[in-house]
Amino acid sequence: MAYRDCGARGGECWLVLHGGPGASCHPGLLAPLQLGRQRAVLPDQRGAGQSRPAGRLAGNHTDQLVADLETLRRHLGIEQWALLAGSWGTVVALRYAQAHPDRVTRLVLRGAFALKRREIFGLLRADAGRDRAVWRSPHWPRAPYSGDARVLVRLEQVLQSGTPGVAARHVVRCWNLLEQRSALRGLWRSVVHSAAVGNPPPREAGQRADVYRRAWAQLRRQQRLSLAGLRQTRTRRADHRGWQKFRIQGHYLRHKGFVRPGGLDSAARGLAVLGIPSDWVHGRFDAVCPPANSRRWVAMQQALQNGQARAHWPLAGHLASEPGLQGMLAKVVRQPRTPA
């Protein structure tokens with residue numbers, strides 16, 4: 001398992017869990033932390049990122065990811081750590097805290113993923129109007145794979161090969177475009193809303209709107225590059241990385257994260273009962289994981305022990321790199337909290 005260990009060795013230690021599944025850690029995930037006084041450990045989950053073997057599915061399930069993290073903690077000699085996780089990483093964080101509550105000081109969970117059918121298949125449905133390039137692709141499964149579950153089965157079949165062939169290459173590129181579309185939708189709503197805010201004063205609101213516009217323009221440029229790359233016939237390095245990522249992602253999504261129904265609810269309730277503080281940071285316009293996920297879990301925890309769970313609703317979509325989420329995460333992570 002590949003991992004990064006950086007920051008102040010004697011400071012508060014944070015385990016930073018990336019989203020995905022199948023994605024990897026990147027320097028942007030360190031933005032909320034103050035590395036001069038905090039320590040950060042960023043692992044690439046099994047088979048993802050720089051971990052090896054790349055894209056391996058055998059023995060790759062959520063309980064094993066939890067066991068990997070505990071092995072890493074012992075290897076580094078860390079007694080306790082706080083968890084900072086986003087999207088799919090929130091599932092892993094909740095399961096780890098449930099299995100090893102004595103090792104967790106607190107959790108900061110961004111854009112919580114509930115493994116619901118709407119979330120799992122929302123990224124896979126190509127719209128004839130918004131996703132014309134994907135809709136027209138002969139390799140993206142539709143008919144006769146019209147059922148959502150069948151689409152995931154077909155995607156897994158295409159990505160099973162040891163190296164990405166023509167069909168797998170197109171599937172990877174199409175999947176990436178659908179992910180970008182969902183991220184753009186949430187970020188664009190933040191741009192529109194920030195431009196309409198009249199309090200704080202107009203000058204400050206205008207400056208803030210510009211920050212959101214720049215973030216949206218950057219993601220829009222990435223989408224245009226991805227659209228242009230869809231027509232390229234040569235296999236690129238990005239195709240290999242995408243094959244690795246989406247191979248693992250399809251595996252986890254088809255098995256609903258290897259979490260039994262009610263498993264995440266049980267983990268959230270357990271945090272409250274044990275008095276482990278949790279902050280739920282969720283973009284108001286998240287088009288990937290609905291804000292209702294965090295809202296429900298916070299209400300559940302507060303009913304059991306008021307004050308240990310806090311909700312934060314920044315002006316943002318789903319991506320950790322968005323200005324609203326970065327600012328809120330930095331505020332929360334740098335604010336000390338103690339268990340009840």
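The values are calculated or read from the model by the stated rules, or taken from the named source; none is laboratory data. Predicted model, so just to flag it, every value in this text is computed and none were measured. Glycine also receives a Cβ, built like all others from the backbone with ideal geometry; neighbour counts cover every protein chain displayed.
Numbers for the structure displayed
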| read-out | value |
| --- | --- |
| Condition check for SER24: touching a residue at least 24 places away in the same chain (Cβ under 8 Å) and over 23 Å from GLY324 (Cα atoms) | no |
| Residue that is surrounded by the fewest Cβ atoms within 10 Å (Cβ to Cβ) [pool: residues in segment 72-95 that are more than 16 Å from the chain's Cα centre (by Cα) and in contact (Cβ under 8 Å) with a residue 12 or more places away in the chain] | GLU79 |
| Residue in segment 47-56 that is crowded, with 24+ Cβ neighbours inside 10 Å and part of a strand (DSSP E or B) present | no |
| Complete set of residues in segment 261-289 that are of a type in the set (D, E, K, R) and either more than 30 Å from ALA311 (Cα to Cα) or out of contact with any helix residue (DSSP H, G or I) (no Cβ under 9 Å at 6 or more places or on another chain) (or both) | none |
| Among the candidates GLY270, GLY327, GLY317, GLY283, residue that is in a helix (DSSP H, G or I) and either of a type in the set (D, E, K, R) or farther than 23 Å from ASP102 by Cβ (or both) | GLY327 |
| Per-region count, segment 27-46, residues without any contact (Cβ under 8 Å) to a residue 60 or more places away in the chain, out of contact with any His (no Cβ under 8 Å at 6 or more places or on another chain) and in a loop (DSSP other than H, G, I, E, B) | 4 |
| Residue that is farthest from ALA82 (Cα to Cα), among those in segment 276-315 that are among the charged types (D, E, K, R) and surrounded by fewer than 21 Cβ atoms within 10 Å (Cβ to Cβ) | ARG284 |
| Complete set of residues in segment 10-43 that are more than 15 Å from the chain's Cα centre (by Cα) and surrounded by fewer than 22 Cβ atoms within 10 Å (Cβ to Cβ) | GLY10, GLY11, GLU12, CYS13, ALA31, GLN34, LEU35, GLY36, ARG37, GLN38, ARG39, VAL41 |
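Residue by residue, here is whether (1) polar (S, T, N, Q); (2) under 23 Å from ALA272 (Cβ atoms); (3) outside any helix (DSSP H, G or I); (4) assigned by TED's automatic domain parsing to the domain that holds ALA320 holds:
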{"site": "ILE78", "(1), (2), (3), (4)": "no, no, yes, yes"}
{"site": "GLY89", "(1), (2), (3), (4)": "no, yes, no, yes"}
{"site": "GLN98", "(1), (2), (3), (4)": "yes, yes, no, yes"}
{"site": "ALA126", "(1), (2), (3), (4)": "no, no, yes, no"}
{"site": "GLY129", "(1), (2), (3), (4)": "no, no, yes, no"}
{"site": "HIS139", "(1), (2), (3), (4)": "no, no, yes, no"}
{"site": "SER161", "(1), (2), (3), (4)": "yes, no, yes, no"}
{"site": "HIS170", "(1), (2), (3), (4)": "no, no, no, no"}
{"site": "CYS174", "(1), (2), (3), (4)": "no, no, no, no"}
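Residue-wise test of (1) free of Cβ contacts under 8 Å to residues at least 12 places away in the same chain; (2) in contact with a Ser or Thr (Cβ under 9 Å, 6 or more places away or on another chain).
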{"residue": "ARG231", "(1), (2)": "yes, no"}
{"residue": "LYS245", "(1), (2)": "no, yes"}
{"residue": "LYS256", "(1), (2)": "no, no"}
{"residue": "VAL273", "(1), (2)": "no, no"}
{"residue": "ALA316", "(1), (2)": "no, yes"}
{"residue": "MET328", "(1), (2)": "no, no"}
